[in-house]
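Following: one structure in structure tokens, then a few remarks.
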Amino acid sequence: MNSTSAPVSAFPDSKGHYKILDGLRGVAAVMVVAFHVFEASTTSHQDQIINHGYLAVDFFYVLSGFVIGYAYDDRWNNMSLEDFFKRRIIRLHPMVVMGMIVGAIGFYFQASNLFPVIGQVPVWKMLLIMLIGFTLIPVPSSLDIRGWQEMHPLNGPGWSLFYEYIANLLYALIVRKFSNKILAVLVFIAGCALAHLTIAGPAGDIVGGWSLEPAQIRIGVTRMMYPFFAGLLLSRISKPTQVKHAFLLCSLMVVIILSIPSIGGTEHPWMHGLYEAICILFLFPLIVYIGASGGVKGKYASGISKFLGDISYPVYITHYPLIYIYTAWVVDNKIPLSKALPVGLLVLLSSIALAYACLKLYDEPVRKWLGKRFVKKRIKMVAD
């Protein structure tokens, strides 16, 4: 298959990766960082430059569901639940731990008028939250040490990994056994729930999921269920063709979709929600299908795609502590975007540099060691 690379993973018996899908994950991750940089200078959807940047999370879930289906669906005769969970934990959890460590290192540098609670938090409590964060177990609002009601106060984006783990659990324990028809019914119901949340919701968007409040839990579950299992269904029923320039085409689609200005304004929020529903329900699966149908040709394009794929997860899971510091600086000092932008660009570049350093100096060596230590080699096993 010319759309996949040779296996590059902690597991020597892994399947290859879809090069373009890896690269697209990186494009979306960089857009998330840019979205958060601009978010520090915005007040609402109306003045956010990368207006729908948060939808990258939903795109990640579609990608994840598709790749999980490709990697594991046909391997269960040779793989136990223990094998599956070991591989997923080894793939995801080292950077979960690193994200919490980065959050802890930067925590007291974030003390500001925006985060007044930080100055009152004793070190032992911050370290306790870090240790809990290592497990990815959400903390209730009574243990909030920032004031934003996040389930992971040291590193907000940890919430999406929490729901990623839930999706993996549901897949391994139940959904993998579903026929395509039953899976399609599940996807349809989840899609209806998602459309209702975005279109009928008062905010006209799907923002949320990072808190243990009931309304936030509903958002988190809804944001995970349709994209992940739609991606899984797509991996089962689609037959990728050959699409030229697929990486460039898909990258442009991701950037444009996440950057479209607010639709409907404050008077018609349902229009904004309808746009987001269309993106998640139809456009993101289409992008994944096109990406799976193309190859990456040329040394330059392959290098960019590989680099973006390599840093995608580390960027996403380590950038937000830097965003906390940057946002506090912008808000406390009322820095206009024109003056904040050079610093924001530095934050973006620093996030990429930090992610690359974490990848090479920590994530890859740790995953390689864990793979050799805890995963048994089997012929024609699965991808990580």
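Structural remarks
- Residues with amide H under 5 Å from that of His52, placed H, sequence gap 5 or more: Ser259, Ile260
- Alpha-carbon Debye profile of region 216-287, log10 I(q)/I(0) at 0.28 Å⁻¹: -1.26
- Value of D in µm² per second that Stokes-Einstein yields for region 231-384, Kirkwood Rh from Cα pairs, at 4 °C (1.567 mPa s): 67
- Simple label model, 7 Å out from Cα along Cβ direction - Leu337 to Leu286, nm: 2.7
- Cut-off under 5 Å, modelled amide H: who pairs with Ser112 long-range: Ile118, Gly119
- Residue-averaged 222 nm ellipticity for the chain, from DSSP H runs of 4+ at -39500 (n - 2.57), nearest 500: -21000 deg cm²/dmol
- Paramagnetic reach from Lys125 in region 201-221 [backbone N under 13 Å; point 7 Å along Cα→Cβ]: none
- Whole-number D in µm² s⁻¹ for the chain, Kirkwood Cα-pair radius fed into Stokes-Einstein, 10 °C, 1.306 mPa s: 75
- Cα gyration tensor shape of region 258-301, rounded if a/c is under 1.5, else prolate or oblate by comparing a/b with b/c: oblate
- The chain - percent relative contact order, Cα under 8 Å, separation 6 or more: 36
- Separation of alpha-carbon centers, region 140-186 and region 295-369, rounded to whole Å: 23
- Estimated FRET transfer efficiency when R0 is 30 angstrom, pair Leu249-Leu345 (beta carbons, to 0.05): 0.70
- Per-residue Karplus couplings for region 42-55, computed as 6.51 cos²θ - 1.76 cosθ + 1.60 with θ equal to phi - 60°, are listed in order as 10, 10, 6, 4, 5, 10, 8, 6, 9, 5, 10, x, 5, 5 Hz, Gly and Pro entered as x.
- Computed over the Cα atoms of region 110-263, pair by distinct pair, the Kirkwood hydrodynamic radius stands at 18.3 angstrom.
- Applying a length cut-off of 20 Å (Cα extent along the axis) and a mean Kyte-Doolittle floor of 1.6 to the DSSP H helices of the chain leaves 180-200, 337-358.
- If you plug the beta carbon distance of Met271 and Cys192 into 1/(1 + (r/R0)^6) with R0 = 22 Å, you get a FRET efficiency near 0.70.
- Annotation: amide H of Met151 within the under-5 Å range of Ser211, Leu212, sequence separation 5 or more or interchain, hydrogens built in the peptide plane.
- Net length gained if the chain between Ile89 and Leu173 were fully extended (0.36 nm per residue, minus Cα distance): 28.7 nm
- Extension gain for the segment Tyr300 to Ser259, taken as residue separation times 0.36 nm less the Cα-Cα distance, is 12.2 nm to one decimal.
- Largest GNM mean-square fluctuation across Ser44, Ser112, Ser141, computed for the chain with C-alpha springs under 10 Å, falls on Ser44.
- Relative contact order of region 69-213, pairs being alpha-carbon contacts under 8 Å that are 6 or more residues apart, as %: 22
Every read-out reported here was derived from the displayed coordinates using simple, explicitly stated rules and does not represent laboratory data. Note that this is a predicted model, so its numbers are computed, not measured. So basically every Cβ, Gly included, is an ideal-geometry build from the backbone, and we count neighbours across all protein chains shown.
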